[in-house]
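Taking it in order: structure first as structure tokens, then the write-up.
Read-outs: derived from the displayed coordinates by stated rules, not from any lab. Note that the structure is predicted; figures quoted are calculated from it, not measured. Don't worry about glycine lacking a Cβ; one is built from the backbone with ideal geometry, like all the others, and counts go over all protein chains shown.
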Amino acid sequence: MAEEAARRAVAELPLLREAAGPRDREGWAGRLKEEYRALIQYVENNKRADNDWFRLESNAEGTRWFGKCWYVHELLKYEFNIEFEIPVTYPGTAPEIAIPELDGKTAKMYR
């Protein structure tokens, strides 16, 4: 059931057609615009579904992202810093997302 919900959520987002990464200065600007459009649409969809769970912003180049994510459990809100950098080989290589406050708290790595 969760897999079907994820498919529906992805189907509502605009497709990313530009295959450029940060190394390709000219193409990267187009890819970054596509990324922002998809991110804005995702946030709007989440707000409509009352499923708002993060805030992100980036540096001017769009290569370093940071913000907050949160989770509500038993009426308690747990909020964490979140950060990641876009690898120079993106979109061929996925970014590694880090939640620094949880690093080292369990055997699982929060990256």
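With θ taken as phi - 60° and the coefficients 6.51, -1.76 and 1.60, list the Karplus ³J(HN,Hα) couplings across segment 32-39 in order, rounded to whole Hz; mark glycine and proline as x.
With the stated coefficients, segment 32-39 comes to 5, 4, 4, 4, 4, 4, 5, 5 Hz.
Under a cut-off of 19 Å between alpha-carbon atoms, report the aspartates and glutamates in cross-link reach of residue 105, not counting same-chain residues fewer than 8 places apart.
Straight-distance partners of residue 105: 79, 83, 96.
Ignoring the sites themselves, what is the longest stretch of the chain with no GluC sites (Glu not before Pro) in a DSSP loop and at most 14 other beta-carbon atoms within 10 Å?
Values: sites that count: 12, 61, 74, 96.
The reported range is 13-60.
Roughly speaking, what is the stretch gain from residue 38 to residue 81, that is 0.36 nm per residue apart minus the C-alpha to C-alpha distance, in nm to one decimal?
Details: separation 43, 0.36 × 43 = 15.48 nm, distance 2.17 nm.
Taking 0.36 nm per residue and subtracting the Cα distance, the gain is 13.3 nm.
Compute the normalised compactness of the chain: alpha-carbon radius of gyration over 2.2 N^0.38 Å, N being the residue count.
Ratio of Cα Rg to 2.2 N^0.38 Å: 1.18.
Any aspartates and glutamates with Cα under 20 Å of the residue 77 Cα? List them, leaving off those in the same chain fewer than 8 positions away.
Candidates past the 8-residue exclusion: 50, 52, 101, 103.
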